[in-house]
Amino acid sequence: MRKALTGAALLAALTIIAAGCGGGDEPSGTATPAEPATTAAPAESATTGTTVAVANSKLGDILVDGDGRTLYVFTKDQGDQSACSGPCVDNWPALVGDATAGTGVQASMLSTSMQASGDAQVTYGGKLLYYFAGDAKPGDTNGQGVGSVWYALTADGNLVKQKAAGAYP
């Protein structure tokens, strides 16, 4: 029973976060703000960038940062310009700065794109990379499929469309 209640609470929290991040029918940044998640983005995302590597997860082999934290893409981004604004930025911090290719990553697919904020956001295969504030530790994939617009990436730059093993619907 406790597991079911925990799952229901997680699903409710993810639904609220998705509403503030363009997961619904409203444009990004215009939905009622969700409470920001309490887990802060990794320190290196603030300004310095990191290593981008491939690691095995519940989703298979996916892109992670140098600390093993899952990296995501937002399908509502317009090319190399972020569509994440307002409360979305609190829940989905961008990976910014310089990034180097780690194990399994194709260096030729790794780049940056200057955003309206003035930050150079890291891209992989032309897709902007983000963290999810709801991932508490390395290896977490809680952002996978949120709002049907946030997905992890494979080493060849494709979206991972399956749900994490043990994930709630």
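Here, each number is a calculation from the coordinates, and none is a lab measurement. Quick caveat: nothing in here was measured; it's all calculated off a predicted structure. All Cβ positions, even for glycine, are placed from backbone atoms using ideal geometry, and neighbour counts span all protein chains on display.
Asn142: net charge of surrounding residues, Cβ under 14 Å, Lys/Arg +1, Asp/Glu -1, itself excluded?
Working: positive: Lys58, Arg69, Lys137, Lys163; negative: Asp135, Asp140.
Residues close to Asn142 contribute a combined charge of +2.
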List every residue whose amide H lies under 5 Å from the amide H of Ser57, counting only residues 5 or more places away in sequence or on a different chain, with H placed 1.01 Å from N in the peptide plane. Ile62
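For Leu153, what is the net charge nearby, where nearby means another residue's Cβ is under 14 Å from its Cβ and Lys, Arg count +1, Asp, Glu -1?
Numbers: positive: Arg69, Lys127, Lys161; negative: Asp61, Asp65, Asp77, Asp156.
Net local charge, Leu153 excluded: -1.
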In terms of Cα to Cα distance under 21 Å, which lysines are near enough to Lys58, apart from those fewer than 8 places away along the same chain? Lys3, Lys137, Lys161, Lys163
The set of residues whose placed amide H lies less than 5 Å from the amide H of Ala99, leaving out same-chain residues fewer than 5 positions away, is Thr50
